[in-house]
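Notes follow the structure.
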Amino acid sequence: GVAMAANYAAAAIGTETSGSILSPSSSNSIVGLKPTVGLFSRDGIVPISSTLDTPGPMTRNVTDNAILASAMSGEDANDAATKNNPKGIAYWKNLRESSLQGIRFGVNKQFLSDSIYQLSVEKIKDAGGIIITFEPEKMDFEGFGTLLSADMKIDLPEYLSKHASENVSIKSVVDVVRFNKMDTLIRIPYGQGRFDGILETNLTEEEHQELKKKLHEAGKAFFEQPMSKHNLDVVLSINNWNAGQAAVAKYPCLTVPMGYTESGNPIGLTFIAKPFEEEKLLKMGYAFEQLTKSRQLPANYQ
């Protein structure tokens, strides 16, 4: 996020489990796309959770984001999640024809206390967007950390087996913990609580699958309840505030700069849609970007 804001590269690719694209993108006034899990291949990415992990483009504007998304798309035999996914979409091609007119936007009533969010909603309304305010249901995240631990306990050894050099002797989470304990001051000065938690997690395959299903259904319900009730095209959020719900629901998110707080901190408007509706998100994001032109170049990096 910082590298993109500082003009160090034309584009970048981040990876998200729950917020790791949305957070740095919104915090650095750039555009970040967290796509539907399975749209882009995860092969070669150091895993946290094969259930939730996904790469996504991070850029300074929506057009660059759409270009990189187009280049990244496709099916990969090395990642089963990409099987039969949408492919061959030129996300950048029709951006200039984008409009907010007639699109039904779900506005979280709880977020309207944020003046920048409220102002952005008003701008969308003035541009012809249909604004529907809703009160979100509270989602139960119980078991979220356990899912990450259970996934990584399986996924990290598979990654090491597939991608690590034959000279790397570490093959499991147990090996990682043991290696770190050999020099704690250098290797784990802040501890290794995440790895300890992974070792303490012992789910059966059935329990693992049930937990995935439970969280996925809870995440889908969080969005589908207002989307179905009000026939919404998209839900509007702020920064990474609904990253966890979108992660387990496997809903795509696009965050676009919408302004700066009084202290100068960037803040992003995050569009959330149903699975594999990235083209819709990018068109909305482009229309909003052109309407507001909120992003400002950092003073020392122009």
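Structure summary
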item	result
Unsatisfied cross-links (Cα-Cα over 19 Å) in the set Lys153/Lys250; Lys125/Lys293; Lys162/Lys213; Lys109/Lys293	Lys153/Lys250; Lys162/Lys213; Lys109/Lys293
Listed residue (Phe179, Met139, Gly193) projecting farthest to the positive dipole end of the range 132-194, Cβ model	Phe179
The range 146-302, relative contact order [Cα under 8 Å, separation at least 6], %	16
Amide H within-cut-off set for Asn61, under 5 Å, with H built and near neighbours excluded	Val31
Order by protection proxy (mean Cβ within 10 Å, highest first), peptides 45-58, 190-203	45-58, 190-203
Accessible surface, the range 1-94, averaged per residue in Å² (probe 1.4 Å)	38
Trypsin sites (Lys or Arg not before Pro) within the range 29-130, DSSP loop, no more than 12 other Cβ atoms inside 10 Å	Lys83, Lys87, Lys93
Solvent-accessible area, 1.4 Å probe, carbon plus sulfur percent, for the range 1-54	59
The chain: most fluctuating residue of Gly244, Gly143, Gly106 per GNM, C-alpha cutoff 10 Å	Gly143
Probe 1.4 Å, accessible area per residue of the range 130-218, Å²	66
Spin-label pair Ala90/Ala6, simplified geometry with 7 Å Cα→Cβ offset, distance in nm	3.6
Summed side-chain charge close to Ser73 - residues other than Ser73 whose Cβ falls under 11 Å, Lys, Arg +1, Asp, Glu -1	-3
Mean-position separation - Cα centroids, the range 218-287 and the range 106-144, in angstrom	9
Average Cα contact separation per residue, the chain, under 8 Å, 6 or more apart, as relative contact order %	25
Residue-averaged [θ]222 nm for the chain, counting only DSSP H segments that reach four residues, each worth -39500 (n - 2.57)	-12500 deg cm²/dmol
Beta bridge orientation in the chain: antiparallel %, DSSP, nearest 5	75
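The values are calculated or read from the model by the stated rules, or taken from the named source; none is laboratory data. Every value quoted in this text rests on a predicted model; they were computed, and no experiment measured them. So basically every Cβ, Gly included, is an ideal-geometry build from the backbone, and we count neighbours across all protein chains shown. Heavy atoms of the whole protein, side chains included, go into the accessibility calculation; ligands, DNA and RNA do not. Shrake-Rupley method; radii C 1.70, N 1.55, O 1.52, S 1.80 Å.
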